[in-house]
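S.K.: Below you'll find the structure I mean.
The values are calculated or read from the model by the stated rules, or taken from the named source; none is laboratory data. Note that this is a predicted model, so its numbers are computed, not measured. So basically every Cβ, Gly included, is an ideal-geometry build from the backbone, and we count neighbours across all protein chains shown. Heads up: the accessible areas ignore ligands, DNA and RNA and are worked out on the full protein's heavy atoms, side chains in. Shrake-Rupley method; radii C 1.70, N 1.55, O 1.52, S 1.80 Å.
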Amino acid sequence: LAALVLGVRFVLVEHSLYPDTGSLRRRFARFAARRAAAVVGVGEQSARELERLLDLPPGGVRTIYNGVPEPGDNETRPGRGPGRVVGCIGRLDSQKAYDTLLRALPDVDATAIIVGDGPERGRLEQLAVQLGIADRVRFLGWSDEPRRHLSSFTVFCLPSRPGTESFPLTIVEAMLAGLPVVATTVGSVAEAVLDGESGLLVPPDDPAALAAALRTLLADPDVLASMGRRGRDHALARFT
């Protein structure tokens, strides 16, 4: 609004989507998009979805991928923690679907470490107890330096549901740390995680498919290492 009042050209960068058609935020985004010098999405698939949600013509949203700083030495050697660890970093809300990971975990011989906090934490802790896996799930809560936890993970997992997810920074951070990724086919995740090369992609809300993918990776240290290297190379080439 300040830019419009002052006559300053501005670029609108959308980091997430707008599934709620009646939301004030989405209505304002439509208003701003029509007056911006350019509208930018953080992934190709996300850009096309934004065109639909914001009623823009094809090609009306350009893509500039999210990028994160390259990691330090202490973030580049995954799997140093004890045992096999499936790690997650993110806010604990229904969109991130950590309940799907918990439902998959009974069929996976690993510990889950979840870094982050949010409104779903209590429900997730109760679900872990109900599933009989509370001794294999660690909720670490909020962290000011979440990337430092990556070195203790064996595999990074993001089981998000369709909706607001676009191009998660945590996936790129995990790839730069040399971690293979298991994630769901939502937003522009498939543009970061190359299925079968730098990780595995599964449908959302499918605990059985998620468990199978995690077992596949955890069963073969050579596959873990090679996928981690390819993921790091891909992230260094495109997402810093």
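S.K.: Just to confirm my numbers, what's the Cα centroid distance between the stretch 181-228 and the stretch 1-73 in Å?
M.R.: When both Cα centres are located, 28 Å separates them.
S.K.: Okay, moving on. Carbon-plus-sulfur fraction of the accessible area of the chain, 1.4 Å probe, in percent?
M.R.: Carbon and sulfur atoms account for 52 percent of the accessible area of the chain.
S.K.: If all Cα-Cα distances of the stretch 65-176 are sorted into 10 Å bins from 0 onward, what percent lands in each bin, rounded to whole numbers?
M.R.: Taking every Cα pair in the stretch 65-176, the percentages come to 14, 47, 33, 6.
S.K.: If you take the square roots of the eigenvalues of the alpha-carbon gyration tensor of the stretch 127-167 and sort them as a ≥ b ≥ c, do you get rounded (a/c under 1.5), prolate (a/b over b/c) or oblate?
M.R.: Oblate, since a/c reaches 1.5 and b/c is not below a/b.
S.K.: Considering the Cα positions of the stretch 78-129, please state its Rg to one decimal place and its Dmax as a whole number of Å.
M.R.: 11.2, 30
S.K.: When the chain is treated as a GNM, springs tying every alpha-carbon pair under 10 Å, which of Ile133, Ile171, Ile89 comes out with the largest mean-square fluctuation?
M.R.: Among Ile133, Ile171, Ile89, the largest mean-square fluctuation in the Gaussian network model of the chain belongs to Ile133.
S.K.: Can I ask one more? Ratio of the stretch 122-240's C-alpha Rg to 2.2 N^0.38 Å, to two decimals?
M.R.: The reported ratio for this selection is 1.06.
S.K.: HN-Hα J couplings of the stretch 161-174 from phi, Karplus 6.51/-1.76/1.60, θ = phi - 60°, integer Hz, Gly and Pro as x?
M.R.: 8, x, x, 8, 5, 10, 9, x, 5, 4, 5, 5, 4, 5
S.K.: In addition: Which of the three applies to the stretch 175-240, rounded, prolate or oblate, going by the alpha-carbon gyration tensor with a ≥ b ≥ c and a/c under 1.5 meaning rounded?
M.R.: Note, shape of the stretch 175-240 comes out oblate.
S.K.: Given the -39500 (n - 2.57) contribution per DSSP H run of 4+ residues, what per-residue ellipticity at 222 nm results for the chain, rounded to the nearest 500 deg cm²/dmol?
M.R.: Result for the chain, helices only: -10000 deg cm²/dmol.
S.K.: Write down the accessible area per residue of the chain in Å², having rolled a 1.4 Å probe over the full set of protein chains.
M.R.: Averaged over the residues of the chain, the accessible area is 46 Å².
S.K.: Working from the pairwise distances between different alpha carbons, so that the mean of 1/r is found and then inverted, what is the chain's Kirkwood radius in Å? Display every interim value, and only then the final one.
M.R.: On the way: mean 1/r = 0.0537 Å⁻¹.
Evaluated over the chain, this radius sits at 18.6 Å.
S.K.: Taking K and R as +1 and D and E as -1, what net charge do the other residues with C-beta under 9 Å from the C-beta of Glu120 add up to? Mind showing how you got there, number by number?
M.R.: Working: positive: Arg91, Lys96, Arg121, Arg123; negative: Asp93, Asp99.
In short, +2.
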